[in-house]
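Working notes, beginning with the structure itself.
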Amino acid sequence: MPIGCFKLKDNNSNFKTEFLAGLTTFLTMSYVIFANPDILSAAGMDKSALIAITCIVTAVATIAVGLFANSPIAMAPGMGLNAFFAYSLVITDKINWPTALGVVFLSGLFFLILTAVGLRKKLVEAIPPSLISGISVGIGLFITFIGLRNMGIIIDDPATLVRASDITPTIMIGLAGLMIMIFLEIKKIVGSLLIGIIFSTVLAAAFGFIEPPQKIVSLDFNLGQIALQLDIMSAFKWSLAGSIFTLMFIDMFDSIGTLVACSHVAGLTDEKGSVRNIDRLLTVDALATMFGAVCGTSTTTAYIESAAGIEQGGKTGLTAIVTGLFFLVAVIFVPLVGVVPSYATAGALVMVGLFMIKEIRSIDFADIQESFPAFIIMIMIALSYSISTGLAFGFIAYTIIKIVTGNITQVKPAMWIITVLSIIHFIV
């Protein structure tokens, strides 16, 4: 594709700026190469294949954004969405992972249909902003809890359900990586999460807790262990309708929030403040989710880390293509990534949880009608160990409160549909 197609001059940019912006985005979000396989492997999927698939899906989705939407936004398997896949669908609901991949595929398909027929906007407008913020906070708490468990700090307890563990060498190594991440974030150093993961891994190797890889690079990985293994027909049933909706819903708001935030920073909005090429971006998002499910990973979504590259001057699709190419190169380093222990990546999950929980400031706790359903979502996602259950509780609570307070007219038609689906989630 000719460089001129990106309209660099029209966007007051150049190749060097776009290249550095793409590299910055890659370094900022490359932790997904470690974190996504670590989470999804809990569902019984092969970790080595997951590492390669994560890189490939991220590369293809991000390059597609650059080519078809000329936007500097990167896409990858979403944090929170992968937790829902592994811990809610597979572990809690006891759905086998091929069926769970079918659920992911169908959620992407319905997201694509909603975008095509224009219903996406109505669904978005039906959900109160307080509930959207509550979802982000709830998922942040959930991911943080998973991170603390993976690090070994939180363990099971028959009397209190969970408790803090005694300090062990591996916990100290994980905490050391977390401290590095925090320090680098304070200093605004690009790639802080990646550097922290590498630091913990090197410490683990130095103290003999992990074996060094037999080779650094390799193209010998068996993608067939998870690729093309999705079971769409088993996912196409009423009992999984709530899960399909939940994935579609979270992806929709996650993507829209990220796209709006990043596009405003990059100046990619029209005179009305609307994001340019928003339909193309959401279409790529939906198609990327379907492609990812076919390959063998959870829902793909836009990454807020794209803002790091945008802050470095990235304004066009060339930034996204550079980011995607770096992820493509990362595929050959599967053996190196494969030795990274879960307690080394746990700090990155805690940090992602911190980033997501910041949305709590957007909730007006003075308004009980808005804050209580958001509070229920936050608490129930974390305590029920299920994102879909937390959402269902919150949506039902919101509608009931509006009914008993005589504000039933404030419940939009699409919200009634969402509430009914939430009730069906519990019944089924």
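Exactly one residue out of Ala86, Ala116 is at pLDDT below 85 and of a type in the set (Gly, Ala, Ser), and it is Ala116. Condition check for Lys94 on (1) assigned to a loop (DSSP other than H, G, I, E, B); (2) in contact (Cβ under 8 Å) with a residue 24 or more places away in the chain: one failure, at (2).
Yes/no matrix, rows are residues, columns are (1) in contact with a helix residue (DSSP H, G or I) (Cβ under 7 Å, 6 or more places away or on another chain); (2) assigned to a helix (DSSP H, G or I):
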| site | (1), (2) |
| --- | --- |
| Glu211 | no, no |
| Ile216 | yes, no |
| Leu228 | yes, no |
| Ser234 | yes, yes |
| Leu240 | yes, yes |
| Ser243 | yes, yes |
| Ile250 | yes, yes |
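Return yes or no: is Phe245 under 22 Å from Tyr343 (Cα atoms), at pLDDT 75 or above, crowded, with 19+ Cβ neighbours inside 10 Å and among the hydrophobic types (A, V, I, L, M, F, W, C)? Against the criterion (under 22 Å from Tyr343 (Cα atoms), at pLDDT 75 or above, crowded, with 19+ Cβ neighbours inside 10 Å and among the hydrophobic types (A, V, I, L, M, F, W, C)), Phe245 does not qualify. Gly44 satisfies every condition listed in (1) within 27 Å of Leu184 (Cβ to Cβ); (2) in contact with a helix residue (DSSP H, G or I) (Cβ under 8 Å, 6 or more places away or on another chain) except (1).
Within the range 277-323, being crowded, with 24+ Cβ neighbours inside 10 Å, among the acidic types (Asp, Glu) and part of a helix (DSSP H, G or I) holds for one residue alone: Asp285. Hand me the list of helices (runs of 4 or more DSSP H) wholly inside the range 338-428 holding 2 or more residues that are closer than 24 Å to Glu305 by Cβ and of a type in the set (A, V, I, L, M). Output list reads 342-357, 368-383.
The values are calculated or read from the model by the stated rules, or taken from the named source; none is laboratory data. Everything numeric in this text was worked out from a predicted model, so none of it was measured. In this analysis, Cβ positions are derived from the backbone assuming ideal geometry, glycine residues included, and neighbour counts consider all displayed protein chains.
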